[in-house]
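Read the structure below first, then the notes.
The values are calculated or read from the model by the stated rules, or taken from the named source; none is laboratory data. These numbers were taken from a predicted model, which means no experiment stands behind them. We place every Cβ from the backbone using ideal geometry, glycine too, and count neighbours over all the protein chains shown. We work out accessible area using only protein heavy atoms, side chains counted, and drop any ligands, DNA or RNA first. Shrake-Rupley method; radii C 1.70, N 1.55, O 1.52, S 1.80 Å.
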Amino acid sequence: MCIRDRYKEDPKRVYYLSLEFLLGRMLQNALVNIDLEGKYKEALGDLGFNLEDVYEEEVDPGLGNGGLGRLAACFLDSLSTLEIPAWGYGIRYNYGIFKQAIRDGYQVELPDYWLSRGNPWEIERCDATVNVHFYGRVEKYNEGGNERFRLADYDTVQAMPYDIPIPGYNTFNTNNLRLWRACPSTEFDFRSFNAGDYFGAVKIKQKAESISSVLYPNDMSYEGKELRLKQEYFFCAATLNDICLLYTSPSPRDQRGSRMPSSA
């Protein structure tokens, strides 16, 4: 049965969360899975191009290592192939694990800005942005005679989702990988700029974007430990919010929320 038809039955869904996804180059994976590699190779040959050369032009997104990251990518491939309704969730790092180079006989690590030419496989979902709050304090208030709690004086970071289709092998089914990018809630502090604090004017933007900048920031310093913790919280908060929205409906006839434990 096609996953699209299974979703109409509101089946139980699998949500796989991982800070790493080593997907590899996606063009070859997609062509092999939908059994079109041979036809593409023949068509490119007629135009004077080699399919292997085209494969090499694609940037390999190093969003993980060969252990956990590759395992997570294989899980997504398998879930699509087995026709299991599933979504993967991760972080859209600006810089991958690193690039390797040899200088004077020694290996050196260089920044891997894999997005320099964009990513044709992703779909930006501005309509599904999630607000994630950091820091702040908890305050008590009274509502209808009941004591309530709320978060105040917090910093807000927007989680922007990017969707990547994950096709299964020899099937029409395609699942989804959603990667979160950290964006500022305020792009520019005009008051600081007018006061001559030019660096402070973009401080909020830089602070927010640093969360999804680098895979595995060095945590030898306090700032590095804090950044890793913020990455984990940002990723989990945005993902859980996204999942819960599926089971939230304004219609009183929709009881999906009460069935969430058996549906996810």
field: Extreme residue, nearest to ASP77 (Cα to Cα), among residues of region 29-42 that are part of a helix (DSSP H, G or I) and hydrophobic (A, V, I, L, M, F, W, C)
entry: ALA30
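Just checking, which of ASN94, ASN65 is under 13 Å from the mean Cα position of the chain (by Cα) and polar (S, T, N, Q)? Show your work before the answer.
Values: ASN65 fails: under 13 Å from the mean Cα position of the chain (by Cα).
Step by step, each of ASN94, ASN65 is checked, and only ASN94 is under 13 Å from the mean Cα position of the chain (by Cα) and polar (S, T, N, Q).
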- request: Being open to solvent by 60 Å² or more (accessible area, probe 1.4 Å) and more than 9 Å from the chain's Cα centre (by Cα) is the filter here, so list the residues in region 159-184 that pass it.
  value: TYR169, ASN170, PHE172, THR174
field: Counted residues, region 43-89 - those being open to solvent by less than 70 Å² (accessible area, probe 1.4 Å), of a type in the set (A, V, I, L, M), closer than 27 Å to TRP180 by Cα and in a helix (DSSP H, G or I)
entry: 4
query: Do we have SER192 as touching a helix residue (DSSP H, G or I) at 6+ places or on another chain (Cβ under 9 Å) and either modelled with pLDDT of 80 or more or assigned to a loop (DSSP other than H, G, I, E, B) (or both) here?
result: no
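Looking at region 132-140, can you tell me whether even one residue there is open to solvent by less than 70 Å² (accessible area, probe 1.4 Å), closer than 30 Å to GLU83 by Cβ and either in contact with a helix residue (DSSP H, G or I) (Cβ under 6 Å, 6 or more places away or on another chain) or of a type in the set (D, E, K, R) (or both)?
Just the residues of region 132-140 that are open to solvent by less than 70 Å² (accessible area, probe 1.4 Å), to begin with: 132-134, 136, 139.
Among the residues that remain, those that are also closer than 30 Å to GLU83 by Cβ are: none.
Within region 132-140, not a single residue is open to solvent by less than 70 Å² (accessible area, probe 1.4 Å), closer than 30 Å to GLU83 by Cβ and either in contact with a helix residue (DSSP H, G or I) (Cβ under 6 Å, 6 or more places away or on another chain) or of a type in the set (D, E, K, R) (or both).
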message: So GLN100 passes all but one of these: (1) surrounded by fewer than 16 Cβ atoms within 10 Å (Cβ to Cβ); (2) part of a strand (DSSP E or B); (3) touching a residue at least 24 places away in the same chain (Cβ under 8 Å). Which condition number does it fail?
response: (3)
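I'd like the full set of residues that are surrounded by 12 or more Cβ atoms within 10 Å (Cβ to Cβ) and free of Cβ contacts under 8 Å to residues at least 40 places away in the same chain, limited to region 210-222. Break it down stepwise before answering.
Quick first cut of region 210-222, residues surrounded by 12 or more Cβ atoms within 10 Å (Cβ to Cβ) only: 210-217, 219.
Selection gives SER210, PRO217, ASP219.
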